[in-house]
Amino acid sequence: MSKPLMGKVALVTGGSRGLGAATVRLLAEQGADVAFTYVSSEKQAQAVIDEVHGKGAKAVAFKSDQADTSRAPALIDDVVAHFGGLDILVNNAAISVAGTVDDPDADTAALDRMHATNYLGVIAVIRAASRVLRAGGRIITVSSGLGSRVGAPGLADYAATKSGIERYTMGVARDLGPRNITANVVEAGLMEGGMQPPDPETLKALLSSLSLQRMGHPDEIAAAIAFLASPAASYVTGAVLDAHGGYNA
Ligand SMILES: NC(=O)c1ccc[n+]([C@@H]2O[C@H](COP(=O)([O-])OP(=O)(O)OC[C@H]3O[C@@H](n4cnc5c(N)ncnc54)[C@H](OP(=O)(O)O)[C@@H]3O)[C@@H](O)[C@H]2O)c1
């Protein structure tokens, strides 16, 4: 495999599992030194590191709760101290909490934690990273098809977090463009082995609304992220790359 990311340093938030782990593996295969975060899956984080090291590439994990926005500057400082800089930020870490807005038993604490993790936490990491990202840098925010179209009941809060970080990323593209730093969004779709899917009825409805009528594999979405991180995407910024099987087609 060619190594278009040789000499680059990447930070992938939420790299211990799912799409984040697939992204860590792919960016490392393409030559980047990759730092990633997790919040509780220490063993899985170590397994990802071992796999990357086994292929002769570099990875390091930092336990850092994205819902605690005060942690973001220290996280970025840790990455820079470890790898000497930062070129690529992939905002991947997120959680999913479902429930209709009129549910009297809604777990509002869990919903608030989702807003803190998926929205405020992403903003805090972008702000901290923007201090140190080098020219030619990349910010790639992982959203969802739900960031532009909700499509089923029970997803208002999750969709709002994704829509919010999409707009934020567009503003980042405007703010950091003069420094030759791009900022783009990948709208992921339902993925095999990823975060808890919605209830079976909602899942069936969502799958039938896709052009490809199937779930995606994390590697298929990681490939879209790697493209935006690559030199080939040097003139792409403020864009939304749909990698969700045709949800909007
Ligand atoms: N799965 C889908 O079907 C789907 C569809 C559309 C979009 N997406 C988006 O794709 C991205 C990845 O989803 P996924 O399914 O791969 O997720 P996942 O398998 O549930 O993994 C989530 C990752 O985020 C980390 N994380 C969660 N909360 C965190 C926190 N507070 N601080 C730091 N790290 C935290 C987890 O760390 P631990 O392992 O330590 O918990 C884990 O590494 C998310 O942005 C999601 O919204 C997913």
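Before moving on, here are some points about what is shown:
- Cβ separations smaller than 9 Å between residues 6+ apart or across chains give the following pairs from the range 107-120 residues that are modelled with pLDDT of 95 or more to residues that are more than 13 Å from the ligand (Cβ to nearest atom): 107/99; 110/99; 111/99; 119/168.
- Of the helices (runs of 4 or more DSSP H) lying entirely inside the range 130-249, the ones with 2 or more residues being modelled with pLDDT of 95 or more are found at 156-176, 218-229.
- Residue 26 surrounded by 16 or more Cβ atoms within 10 Å (Cβ to Cβ) and out of contact with any Phe, Trp or Tyr (no Cβ under 9 Å at 6 or more places or on another chain): yes
- Residue count, the range 199-232 (criterion: touching a Ser or Thr at 6+ places or on another chain (Cβ under 9 Å) and surrounded by fewer than 20 Cβ atoms within 10 Å (Cβ to Cβ)): 0
- Yes/no for residue 22 being more than 9 Å from the ligand (Cβ to nearest atom), part of a helix (DSSP H, G or I) and among the small types (Gly, Ala, Ser): no
- Residue check, residue 95 closer than 23 Å to residue 166 by Cβ, assigned to a helix (DSSP H, G or I) and not acidic (Asp, Glu): no
- Top-ranked residue of the range 29-42 - restricted to ones that are more than 15 Å from the ligand (Cβ to nearest atom) and either outside any loop (DSSP other than H, G, I, E, B) or among the hydroxyl-bearing types (Ser, Thr, Tyr) (or both), ranked as surrounded by the most Cβ atoms within 10 Å (Cβ to Cβ): 33
The values are calculated or read from the model by the stated rules, or taken from the named source; none is laboratory data. This structure is a prediction, so every number in the text was calculated from the model and none was measured. Quick reminder, even Gly has a Cβ in these numbers, built from the backbone with ideal geometry, and neighbours come from all protein chains shown.
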